[in-house]
């Protein structure tokens with residue numbers, strides 16, 4: 001062992017150490033600067049390669065490139081987001097979810113990230129999670145065009161809910177959507193279609209009529225309005241709109257709806273404002289239709305089963321008693337006659353495909369039952 | 001003399017002497033002060049060295065392998081092979097002391113070479129390890145950083161001509177600086193060096209290591225940023241019942257640790273015994289084999305693997321692939337390390353742990369989907385498990401996981417799994433890996449684990465019941481002699497508290513009696529030296545320090561100092577060691 005240094009010599013050596021530290025520090029600084037610049041450059045290069053791959057619809061290659069970019073620029077949220085999006089597009093949902101959740105940890109209120117996670121949850125058919133993230137996206141922060149982005153996110157949510165048959169939630173979202181809907185025919189029409197799919201026929205009809213008012217007059221609009229009106233029990237409107245849609249080349253369902261709506265309008269004796277003779281005529285006509293239905297069913301495979309035999313007997317009795325003249329003179333006979341008609345239609349609902357008039361009679365009965373007496 | 005005279009220092013004979021103002025004197029550095037100041041500079045220089053080291057590794061990787069995450073297939077095989085040959089040649093011909101991880105070399109500096117680590121070793125380690133790791137060998141940068149820091153510290157200590165004791169301690173302080181900067185984890189670095197290198201801590205050691213660690217981490221973060229080596233996903237631990245799942249991880253991790261250490265223990269000696277001309281080829285062959293593994297579909301095993309750990313923590317791999325990667329990493333690291341390639345085992349340990357943790361977590365979730373812990377959480381705990389089981393640093397492993405994750409909620413799973421792994425590994429492989437490596441290198445370094453396990457011998461282990469009379473110091477010579485003769489004792493203990501205790505022999509009392517001093521107090525005839533009473537829990541060393549001053553020492557109760565609970569003599573101590581030579585805790 002060498003003898004210890006004198007105090008002065010130690011101070012000199014210590015001073016040299018300080019100088020050496022400063023020199024090494026400076027050298028390291030310059031080396032590090034060059035190193036960091038190179039890393040940023042490499043990160044940028046690989047990021048651009050990733051963007052090119054995404055544009056060329058090569059999400060796997062894009063993911064690899066973005067992942068490489070992250071090696072050189074770790075914790076770069078833009079790179080991470082693009083990597084997650086590329087993974088999602090490549091169908092690698094588990095990996096994408098992991099990155100998106102990590103990004104969410106840093107930016108829990110970001111609209112885009114929440115939307116991406118919502119889409120992944122939707123693909124996994126996780127309704128609760130999807131709703132949560134879609135809502136976070138709708139109410140989250142968007143860097144640009146926030147109103148449109150939020151509306152788009154809500155549209156996506158509604159489409160998802162409809163696909164999952166979550167009609168109640170879908171209706172709720174649709175109502176929120178209509179609060180600030182732009183006066184744009186195509187958007188209104190889209191919303192109308194969604195209301196229809198969600199079985200909210202009143203609102204659907206309202207939207208279709210709004211679209212018509214905005215000048216969107218096409219077969220689809222009329223068909224949609226007619227369908228909504230039909231499903232809502234507004235057969236006059238249904239007949240009007242379906243008629244305007246035109247039968248030529250129309251869907252068979254539309255044709256049948258029109259025929260049925262027209263039949264309701266022709267046959268419903270309970271329509272307000274009718275004169276007694278018209279009521280009687282309609283009741284007699286309905287009875288005749290019911291009789292035809294009975295004949296069709298009793299001659300078929302069902303034959304004269306117990307219940308149908310009873311109904312047939314009742315029908316015979318009724319036709320003798322409730323002729324047109326009796327129906328006109330005795331208004332109370334209309335109700336009892338129509339009761340029989342409805343019972344016949346209900347009893348024969350399984351025997352054969354009902355005619356539009358038979359379907360109309362069922363709808364008249366449903367409307368009569370639903371409306372307050 | 002008036003003031004004016006005083007100012008000119010007038011003498012009685014009238015001659016004056018001008019007053020010389022006091023000269024500026026340099027501050028007196030005691031060695032203790034110097035040591036602490038030096039620790040800061042060691043930390044700064046160690047941090048700068050580690051920053052340059054990491055840049056060198058990255059530069060080597062990008063230059064040799066290209067910047068792509070997955071290099072071209074030909075490079076996968078060619079680069080590690082050629083670089084291995086170059087590194088092997090450098091190690092054999094130019095830098096022979098650069099071989100190995102660096103931990104044992106630092107211990108050897110402390111216990112064998114009086115703190116001496118040649119600076120050339122630091123340069124050699126820097127160059128060869130950067131080439132090796134950047135070239136794809138399955139090793140990590142932390143251990144070399146530890147040795148580089150130690151070498152820098154050793155150089156500074158020698159230049160300042162510190163005392164031998166300080167010079168021995170300076171190397172571990174530099175090691176702490178290097179490890180702290182490499183890990184970006186100062187607490188873990190301090191704990192590891194104290195736990196595995198120094199084996200004990202005093203206020204001086206602790207203060208210096210903390211100063212060095214803090215300085216180096218500050219420097220490293222200033223240059224490289226404070227982001228961790230790999231990003232930790234949100235940690236989830238909700239139900240205590242899930243501790244069972246983590247216990248399984250501890251058991252699996254223990255088995256993996258045993259396999260890992262036995263593989264190294266098995267392969268290293270025959271490779272070392274091979275002819276000298278094969279030594280430069282071994283890293284090249286290891287590189288070739290690792291390249292083939294990478295070519296076959298697992299390029300993730302190359303290098304330190306931090307980006308792969310990051311991906312594993314973010315659920316980018318299936319649990320089956322994670323398990324495969326863990327096994328392949330054990331194989332590749334065994335090949336790299338046993339071939340003599342300079343580089344460390346910390347990063348591979350963390351890699352294996354993360355992969356294994358993710359694999360076990362993934363498998364458990366497949367069978368028990370209600371488990372709430374994410375793959376990332378299991379991977380994080382897995383890293384600690386391997387650290388505890390393979391490196392046998394249980395305290396460091398716990399703090400490392402906490403420090404890296406920054407989340408205390410993970411503490412329970414970490415405690416359970418790390419402790420389980422450590423205890424199982426201790427039973428299955430009694431010799432820790434670093435002790436094994438030092439034995440294979442022919443160095444008899446103290447085992448820190450053995451030291452921890454060695455029971456502290458205490459006074460109560462050697463003392464015997466009080467079997468001689470106890471006389472008050474003011475007892476007369478006559479009375480004292482009578483008491484001794486009654487029991488037939490050859491000596492008595494004399495209680496002269498608060499001054500202390502002493503002994504008196506029969507012959508001394510008889511001599512006093514013969515001199516007519518019958519009524520004199522025993523106090524007057526004994527030697528003036530006094531010994532303190534011992535307590536039963538005192539270490540034996542305390543008894544040995546004072547035993548020469550008295551043939552027997554009293555042992556008194558801590559709560560009741562008046563109560564004498566036993567006696568202890570040198571014969572008692574020797575008998576204790578003879579009867580229980582290898583007592584462990």
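One table, with the values for the structure above:
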item: R0 of 56 Å, Cβ-Cβ distance residue A:244-residue B:74: FRET efficiency to nearest 0.05; result: 0.20
item: Paramagnetic label zone (point 7 Å from Cα along Cα-to-C-beta, residue B:529; backbone N under 12 Å) in the stretch B:503-522; result: B:503
item: Contact order normalised by residue count of the stretch B:267-353, Cα under 8 Å, 6+ apart, percent; result: 40 percent
item: Quotient of Cα Rg and 2.2 N^0.38 Å for the stretch A:203-260, N being how many residues it contains; result: 0.99
item: Nearest 10 degrees, 0 to 90: helix A:356-370 Cα axis against chain A principal axis; result: 80 degrees
item: Cα extents of the protein assembly as shown along the three principal axes, largest first (Å); result: 163, 84, 76
item: Number of partner chain Cβ atoms within 10 Å, mean per residue of A:45-51; result: 1
item: Listed peptides B:323-334, B:472-483 by packing density, highest first (mean Cβ within 10 Å); result: B:323-334, B:472-483
item: Cα centroid separation - the stretch A:76-97 against the stretch B:261-325, whole Å; result: 29 Å
item: Theoretical FRET efficiency, 1/(1+(r/R0)^6), r = Cβ-Cβ of residue A:180 and residue A:217, R0 35 Å, to 0.05; result: 0.90
item: Percentage, to the nearest whole number, of Cα pairs in the stretch A:172-215 over 11 Å apart; result: 59 percent
item: Whole-angstrom gap from the stretch B:88-107 to the stretch A:177-250, using each part's C-alpha centre; result: 83 Å
item: Semi-axis lengths (Å, descending) of the ellipsoid that matches the C-alpha gyration tensor of the stretch A:97-239; result: 33, 16, 10
item: For the protein assembly as shown, share of DSSP beta bridges that run antiparallel, in % to the nearest 5; result: 75 percent
item: Mean Cβ neighbour count within 10 Å, used as a protection proxy, ranking B:130-139, B:421-430 highest first; result: B:130-139, B:421-430
item: Using alpha-carbon coordinates, inclination of helix B:570-579 to the longest axis of chain B, degrees; result: 30 degrees
item: Angle between chain A longest axis and helix A:111-123 axis [Cα atoms, degrees, rounded to 10]; result: 60 degrees
item: Size-normalised alpha-carbon gyration radius of chain B, reference 2.2 N^0.38 Å; result: 1.29
item: Descending semi-axes in whole angstrom, ellipsoid equivalent of the stretch A:1-95, from the Cα gyration tensor; result: 51, 13, 8
item: Packing rank of A:68-79, A:21-32, where each peptide gets the mean count of other beta carbons within 10 Å, highest leading; result: A:68-79, A:21-32
item: Taking B:495, A:126 and counting other C-beta atoms within 10 Å, the order from fewest to most; result: A:126, B:495
item: Value at 222 nm in deg cm²/dmol, rounded to 500, when DSSP H runs of n ≥ 4 in the protein assembly as shown each add -39,500 (n - 2.57); result: -22000 deg cm²/dmol
item: 10 Å Cβ neighbours from other chains, averaged over peptide B:59-70; result: 3
item: Euclidean distance between Cα centres, the stretch B:467-538 to the stretch A:130-150, Å; result: 94 Å
item: Test item: B:226-232 mean partner chain Cβ contacts at 10 Å; result: 2
item: Förster radius 45 Å - calculated FRET efficiency between residue A:128 and residue A:34, Cβ distance, rounded to 0.05; result: 0.30
item: Packing-based exposure ordering (other Cβ within 10 Å, fewest first) of B:301, B:531; result: B:531, B:301
item: Value of Rg/Rh across chain A [Cα atoms, Kirkwood radius]; result: 1.35
item: Sorted by Cβ density within 10 Å, fewest first, the residues A:200, B:514; result: B:514, A:200
item: Prolate/oblate/rounded label for the stretch B:201-341 (Cα gyration tensor, a/c 1.5); result: oblate
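Bear in mind these aren't lab numbers, they're just calculated from the coordinates by the rules spelled out. The structure displayed is predicted, hence computed values, not measured ones. With ideal geometry, Cβ positions are generated from the backbone for all residues, glycine too; neighbour counts draw on all protein chains shown.
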